[in-house]
C-alpha cells in the first residue's frame, strides 16, 4: 500500500475531529490530488512514461467517453487539447460537484480494474498487484477523508446504502454528543477512525470501550452503583435489574441480554482482545463494519431507553 500514517492523521483521530462519520456531497481537493497520484501510478503519468502507447490509449478511452456523455468537445476548463492526461486531470480538479467527480472516478477505476491486468500494459510485471493496490488505496483514501463511498465490483457505492448506517450510526453519534456521554462518544469516534485507517483490531477494542462506557455513563447519570472494574456482562446485569427494560417487556426482550452479552464483547474478545498466538489474526473489513454497526445500534437502544425512564 502507498498510504502512510502521518502524525497529523494520528492527532486528528485522538481529537475525534469531525461531527459525522462520512460526508457525501463533497470530494475534497486533497482527496482529488491523492486520487490523481493513484491514477498516475496505476495507468501511468504521461509526463514521464517511457514511450508505451497503452497509457495513452487508456486516457483516450476515458476522456472520449466523458466528452460523449457530457456532450462537449473538450472537457472544461481546457480551451484546446493538450493531452488526454492533462485534460482529464484538470477536469477532475476543477469539477464543481461530487457526482461529476464520482462519475470520473468510477470510469477511471473500471479501466484500471479491467484493462491493466495484462503483462504488456506498460511492459511491467505485477499487473494484478498494481490494479489491486490502486483500488485498495482509493478505498483507503475515501475512508481517511471521511467521504462515504467505496469502489466495489466495478461500481462506486455509498457506504450508507446500508440502511443501518443512516438509522444507527448517525443517531448514535447524535445521542452520545453530550457532556454525560463524552467518553463513549470519543471512543466510538476513535473506533471509526481506526476503521477508516484499516486498523480493524483497534476498531473492535474501541467498540467495546464505547459499549462499556455508555453503560457506566447511564449508571452515573442515574446514580446506580457499580464497581470500577465491572465488565460488560456485569454492567448489563445492573441495567436490567434497574429496569432499563420495563418488566412487562422482559419476555419479549429475553433474547436481548444474550445479544448484548455475546455480540460486542465476544467479537472484540475473539478477534482482538487477547493474545493472538503464533499465527497473527486478521479482522476483515466486513467484520469490523458489522461490529461498528452493531455497536451503534446497541448504543442507540441504551441511550434512548435511559431517556424514556421517569
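For region 202-248, the Kirkwood hydrodynamic radius from C-alpha pairs, put into Stokes-Einstein at 37 °C and a viscosity of 0.692 mPa s, yields a diffusion coefficient of 294 µm² per second. As a rough footprinting exposure proxy, the listed residues 70, 107 were ranked by other beta carbons within 10 Å of their own, and the order from fewest upward is 70, 107. Taking label positions 7 Å along the Cα-Cβ direction at both residue 240 and residue 286, the computed distance is 3.1 nm, reported to one decimal.
Readers should treat all values here as calculations from the given coordinates under stated rules, not as data from a laboratory. Just so it is clear, the structure is predicted and the values come from calculations on it, not from any experiment. Neighbour counts are summed over all protein chains in view; Cβ atoms, including those assigned to glycine, are modelled from backbone coordinates with ideal geometry.
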